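The values are calculated or read from the model by the stated rules, or taken from the named source; none is laboratory data. Worth saying up front: this structure is predicted, and the values here are computed from it rather than measured. Here the Cβ is made from the backbone with ideal geometry for all residues, glycine too, and neighbour counts use every protein chain on show. Just so you know, the surface numbers come from the protein's heavy atoms only, side chains and all, with ligands and any DNA or RNA stripped out. Shrake-Rupley method; radii C 1.70, N 1.55, O 1.52, S 1.80 Å.
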Amino acid sequence: MHIKFKSHIHIMAKLISLKKGLDINISGSAPVGTPANVCPATCAVVPDDFKGIVPKMDVKEGDTVLVGTPLFHDKQFYDIKVVSPVAGTVKAIVRGERRKLERILIEPSQTPDECINLDAKCSSDPVKAQRLLLDSGIWAMIRQRPYGIVPRPGGLARDIFITAFDSAPLAPDHEAMLADSLPMIESAVKFLQPLTSGHIYIGVRPGSRIEAVKGAEVIAFEGPHPAGNAGVQICNVKPVNKGEQVWTLDLPTAVRLGGLVTTGKLSYDTIVAVTGCKIKQPKYIKTKIGADMASVVAGNIDGDEHIRLIAGNVLTGIPVGIDHFLRYPYSQVTAIPEGDDRTDFLGWASLSTEKMSVNHSFPGHFLKRPFCPDARINGGRRAMIMSGVYEKVLPMDIMPEYLIKACLAKNLDRMEQLGIYEIIPEDIALCEYVDPSKLELQKILQDGIDYIYNELS
Amino acid sequence: MKSLRKYLDRIKPNFEPGGKLQSFHSVFDGFETFLFTPSTTSRSGVNIHDSLDSKRMMIIVVIALIPCLLFGMYNTGYQHWLAIGASEFPFWQLMLYGFCKVFWRIVVAYAVGLGIEFCVAQWRKEEIQEGFLVSGILIPLICPIETPLWMIAVATAFSVIFVKEVFGGTGYNIFNVALVTRAFLFFAYPSHMSGDGVFVPLKGTLGIGDGTAVDGFSGATPLGQVATNVGNTLHLTNVVGEPLTYWDMFLGLIPGSFGETSTLCILIGAAILLLTGIASWRIILSVFAGGFLMGLVAHTFATPSYPASMLTAAEQLTLGGFAFAAVFMATDPVTAARTNTGKYIYGFLVGVIAILIRTYNNGYPEGAMLAVLLMNAFAPLIDYCVVQSNMRRRMRRLNAKA
């Protein structure tokens, strides 16, 4: 008994406890269970989801594609490819204003998914490892800090961070849903090893089954959202400095890579949590990346009009219509009321328990029950009046207010000095949520990142 | 409510560009958003927002000021009744008397301030900002009750235009608007801002409280008495010459600016602000800490040449505008330090300087106003240093690597 206890201590992950942050309590979480299979009617790949890529088309309408057939590549780095998640036919290439590529629609074939042939072996040669990642399209699913873009091929990463849990509101429990994935994670880690000159870190929740993985350092993060964000984890383990590159991938991507390496088969199946207070029956489903919303939420939406369907979570997800698609990197759909049909008499004076707030002047704050918030901004846009609000929900050594002001002023030196290389919009999503001045912080930060990226590269 | 909403929707086109009343668009918009929270939904970034907005923030501050306002009415009546030698103090008559005295001052402050805000918002084609909701109630609270209405109007106008609007409106001002109003009055009309005759009204109003001041009446505030004190002991008295107890000072039954005499009511306000998280506990705590420490130091080296040094530290905190400044003035988030570390430094210095001026500068019996204004000017510098330390930490990390 004693020895067992000791050995448990030995393999226990390092624990980092984060105090700042906020868990928003929204109703409609999906209970863990066997996911139902949902075959999408159409799949879409949206180039905007792969930041840093300037798309050049590789297919045209009517082409037949397999799982892993390149759909487009980057204009500058030809090797970066975004591939088809399903086997089927390219139904349409949708372009917007000034012929901007908006999405590529693929109609899946009825036959079982056939994937392209890849030489999926582990290799200690970083060039070969990189080649497999690029050819399989998994490369485009990895993100690089700074900028939160698809990494530029060629160099090695300082470190690689695998985030094994998602702490966002109603987020899917990846670990529970990918229960038998430990061997996959191990092979993914083994595969990624030659691509970094430093460590591979895996961020988990305390008590996770991922306790020790050969070749990786497992770190447990305790605390509210955004503890699961890669940026927060990096900042609390080893912050990104100017000139360094750290790669981040989430658990589904790591498992996908592990699956490819172990079985030699490429699969873009994904498990999606269908959540939110306007979903009749929150659940997990198994479908393809980029599946159409109509298939994903078929018959499961409570009401017809004034619903906001979000591809992703309520904080960073993208509001889409029922005629749109799942978006990468989210494996979540959330439905909440839009709220544009509601009038709120003297809303600022309300003592209603339905109002969700971190502020103690709302009685609802003290009730420990889930809310059903709508998409209204609950106020008017103002200058930054309150101070110290953002800091409370950002567990990073960054002064958000000053960074935002540097972004607004387009002051490159200041942005650098205040840590723009360490942060991406998802990290300050909570700041935007709590902001009584209702500023578009994520947009301001993204514009700042785009600006510094374009100026310095 | 539905019919009101319908009515607003019906008259709304008149205020849109091209409508008959388009030059009142901002005013209409202000009233509309005041009555009905707009149903605008988020277009980018987060899909949900916290329910707190700046309207609610400002209203909470106004609510926190209500105990001071009510007590101010009572105390105004009480001081008047004392002065005319009454032996009974009928509660409702006292309140009514105080209400009549303060009502028009509040109306003038709001009318002038909001009037300017409405015009500027319309001119800039912006939404009306709520900042003046708080300033408008603060101004009557921090002025002597006998301040002439026209002075309040002039000072408010000056302050709103030159301290707030020229800097860009709410959220951009460097100095606290209400305090600059007070400072403007203090320097422009000194005879109406201090002395025996301004803090205690002697005339009756609407037939209530008619009478004449008793012999030996003196309307000087405790701090005013301290400033002119001679000798090795302090003799603090009320308006009819009876000695003051610490309890009187704490409750606020002393002459002083309308709303800032009662430390008890200020503490109730502080509790409201702190429980709702609207004011920074860091600032309030450190202002009191700084004041207490400076009070202790001054009292330790008490000397008759600086009579205020004979006040104990606890008395320093309860007298004058110190507590009011700590809770409602220093905590103004726009003009205070914005970084957490900065707030401690800022607050502490406000406390120290307030007592320093009060004690060692015989020209000003009260230093809280000047201390807050001075630290308003220094707040950006304090923040600058705190932000620099964050930048240096990042720079060191980079250099350590290289």
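What to note about this one:
- Looking across the stretch B:71-101, the residues that are crowded, with 18+ Cβ neighbours inside 10 Å and of a type in the set (Gly, Ala, Ser) come down to B:Gly72, B:Gly77, B:Ala83, B:Gly98.
- Members of the stretch B:280-300 that are of a type outside the set (S, T, N, Q) and either free of Cβ contacts under 8 Å to residues at least 24 places away in the same chain or in contact with a Pro (Cβ under 8 Å, 6 or more places away or on another chain) (or both): B:Trp281, B:Leu296, B:Val297, B:His299
- Subset of the stretch A:66-112 [in contact (Cβ under 8 Å) with a residue 60 or more places away in the chain, in contact with an Asp or Glu (Cβ under 6 Å, 6 or more places away or on another chain) and part of a strand (DSSP E or B)]: A:Val67, A:Pro70
- Scanning the stretch A:352-369 for residues that are in a loop (DSSP other than H, G, I, E, B) and surrounded by 16 or more Cβ atoms within 10 Å (Cβ to Cβ) yields A:Lys355, A:Met356, A:Ser357, A:Val358, A:Asn359, A:Ser361, A:Phe362.
- Every test in (1) of a type in the set (A, V, I, L, M); (2) open to solvent by 10 Å² or more (accessible area, probe 1.4 Å); (3) out of contact with any Phe, Trp or Tyr (no Cβ under 9 Å at 6 or more places or on another chain); (4) more than 9 Å from every other protein chain (Cβ to nearest Cβ) is passed by A:Ala349 save one, and that test is (4).
- Looking only at the stretch B:338-347, residues that are buried (at least 22 other Cβ atoms within 10 Å of the Cβ) and in contact with a Leu (Cβ under 9 Å, 6 or more places away or on another chain) come to 1 in all.
- In this entry, A:Lys283 passes the filter for residues that are charged (D, E, K, R), at pLDDT 90 or above, outside the structural domain of A:Leu394 (by TED's automatic domain parsing) and farther than 30 Å from B:Ser3 by Cα.
- Restricting the search to strands (runs of 3 or more DSSP E) fully inside the stretch A:172-277 and requiring at least 2 residues that are over 16 Å from the mean Cα position of the chain (by Cα) and at pLDDT 90 or above gives A:200-204, A:217-222.
- In the stretch B:223-236, the residues that are of a type in the set (Val, Ile, Thr) form Cβ pairs under 6 Å with partners that are open to solvent by less than 40 Å² (accessible area, probe 1.4 Å), at six or more places apart or across chains, as follows: B:Val226/B:Pro307; B:Val226/B:Ala308.
- Qualifying positions in the stretch B:329-341 - over 19 Å from B:Ala178 (Cα atoms) and within 9 Å of another protein chain (Cβ to nearest Cβ): B:Arg338, B:Thr339, B:Asn340
- The residue that is nearest to the other protein chains (Cβ to nearest Cβ), among those in the stretch B:146-182 that are part of a loop (DSSP other than H, G, I, E, B) and either of a type in the set (S, T, N, Q) or touching a Gly at 6+ places or on another chain (Cβ under 6 Å) (or both), is B:Thr170.
- Taking helices (runs of 4 or more DSSP H) as the structural unit, those lying wholly within the stretch A:382-456 and holding at least 2 residues that are more than 9 Å from every other protein chain (Cβ to nearest Cβ) and touching a Phe, Trp or Tyr at 6+ places or on another chain (Cβ under 6 Å) correspond to A:441-456.
- Residue in the stretch B:39-55 that is surrounded by the fewest Cβ atoms within 10 Å (Cβ to Cβ), counting only those that are assigned to a loop (DSSP other than H, G, I, E, B), at the interface with another protein chain (Cβ under 7 Å from one of its Cβ atoms) and not polar (S, T, N, Q): B:Gly45
- Elements of type helices (runs of 4 or more DSSP H) contained in the stretch B:224-334, each with 2 or more residues being within 25 Å of the chain's Cα centre (by Cα), surrounded by fewer than 17 Cβ atoms within 10 Å (Cβ to Cβ) and at pLDDT 90 or above: B:263-275, B:281-300
- A single member of A:Lys443, A:Lys438, A:Lys368, A:Lys392 is among the basic types (Lys, Arg), in contact with a His (Cβ under 7 Å, 6 or more places away or on another chain) and touching a residue at least 12 places away in the same chain (Cβ under 8 Å), and it is A:Lys438.
- Residue list for the stretch A:112-148, filter: closer than 25 Å to A:Gln442 by Cβ, of a type in the set (A, V, I, L, M, F, W, C) and open to solvent by 10 Å² or more (accessible area, probe 1.4 Å): A:Met141
- Failed item, numbered, when B:Cys68 is tested on (1) under 30 Å from B:Leu179 (Cβ atoms); (2) surrounded by 19 or more Cβ atoms within 10 Å (Cβ to Cβ); (3) at pLDDT below 90: (3)
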